[in-house]
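Once you've had a glance at the structure underneath, I'll fire off some questions.
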Amino acid sequence: MKKGNRILRHEEFVEIERKGRSIKTPSLLVFLREGESKARVGISVSKKNGNAVRRNKIKRQLRAIVDGAVSADSPIDLVVVARRSYEPSSFAEAKEELLAALGKLGVQH
């Protein structure tokens, strides 16, 4: 994912969480808002998920799933929050869970 397609500012995360639609899964929270021109994605992983190595692994996994599922031309803003119960060793389950959540929110993949 290119840096221009990332949500980096805290204020943008908060705005998307407040004004967007959301869905909760056992290990993820997904927020979606209609964007302006291109898809932008923000991934949030709390320190409660583990040390820096574990958090970075979770972010890499979620980024890979979103890259394959969301078209860069889609006008959406997407925020994915990993809950404490997220387990990086079960990548296939996380992928199914995130794709199902995106499907329920109406994101074409």
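The values are calculated or read from the model by the stated rules, or taken from the named source; none is laboratory data. As the structure is a computational prediction, the values presented were derived from the model and not from experiment. A quick note on method: Cβ atoms are made from the backbone with ideal geometry, for glycine too, and the neighbour counts reach across all protein chains shown.
Return the residue satisfying two criteria in turn: it lies in region 68-94 and is modelled with pLDDT of 90 or more and in a helix (DSSP H, G or I), and of such residues it is surrounded by the most Cβ atoms within 10 Å (Cβ to Cβ).
This residue is Ala94.
Let me ask something else. Look at region 29-48 and say how many of its residues are closer than 18 Å to Arg83 by Cα and either out of contact with any Leu (no Cβ under 6 Å at 6 or more places or on another chain) or small (Gly, Ala, Ser) (or both).
Count: 9.
Sticking with this one: Is it fair to say Val30 is β-branched (Val, Ile, Thr), part of a strand (DSSP E or B) and in contact with a Gly (Cβ under 8 Å, 6 or more places away or on another chain)?
Details: β-branched (Val, Ile, Thr): yes; part of a strand (DSSP E or B): yes; in contact with a Gly (Cβ under 8 Å, 6 or more places away or on another chain): no.
The answer is no for Val30.
Consider Lys47 against the criteria (1) at pLDDT below 95; (2) over 15 Å from the mean Cα position of the chain (by Cα); (3) of a type outside the set (S, T, N, Q): it satisfies all of them except one. Which criterion is unmet?
(1)
In addition: Scan Ser37, Ser71 and give me the residue that is under 14 Å from the mean Cα position of the chain (by Cα), closer than 21 Å to Glu12 by Cβ and among the polar types (S, T, N, Q).
Only one candidate qualifies: Ser71.
Considering region 27-54 alone, what residues qualify as being among the basic types (Lys, Arg) and touching a residue at least 24 places away in the same chain (Cβ under 8 Å)?
Within region 27-54, Arg33, Lys38, Arg40, Lys48, Arg54 meet the criteria.
Quickly run through region 17-40 and pick out the residues that are among the basic types (Lys, Arg) and surrounded by fewer than 17 Cβ atoms within 10 Å (Cβ to Cβ).
Of everything in region 17-40, those that are among the basic types (Lys, Arg) and surrounded by fewer than 17 Cβ atoms within 10 Å (Cβ to Cβ) turn out to be Arg18, Lys19, Arg21, Lys24, Lys38.
Something else: Mind counting the residues in region 1-16 that are surrounded by 11 or more Cβ atoms within 10 Å (Cβ to Cβ) and not in a strand (DSSP E or B)?
So the count comes out to 8.
Same structure, new question: Across region 72-109, what is the number of residues that are of a type in the set (D, E, K, R), in contact with a helix residue (DSSP H, G or I) (Cβ under 9 Å, 6 or more places away or on another chain) and over 18 Å from Arg60 (Cα atoms)?
1
Take the conditions surrounded by 16 or more Cβ atoms within 10 Å (Cβ to Cβ), assigned to a helix (DSSP H, G or I), in contact with a Leu (Cβ under 8 Å, 6 or more places away or on another chain) and not hydrophobic (A, V, I, L, M, F, W, C) and apply them to Glu97. Does it pass?
For Glu97, the condition - surrounded by 16 or more Cβ atoms within 10 Å (Cβ to Cβ), assigned to a helix (DSSP H, G or I), in contact with a Leu (Cβ under 8 Å, 6 or more places away or on another chain) and not hydrophobic (A, V, I, L, M, F, W, C) - is met.
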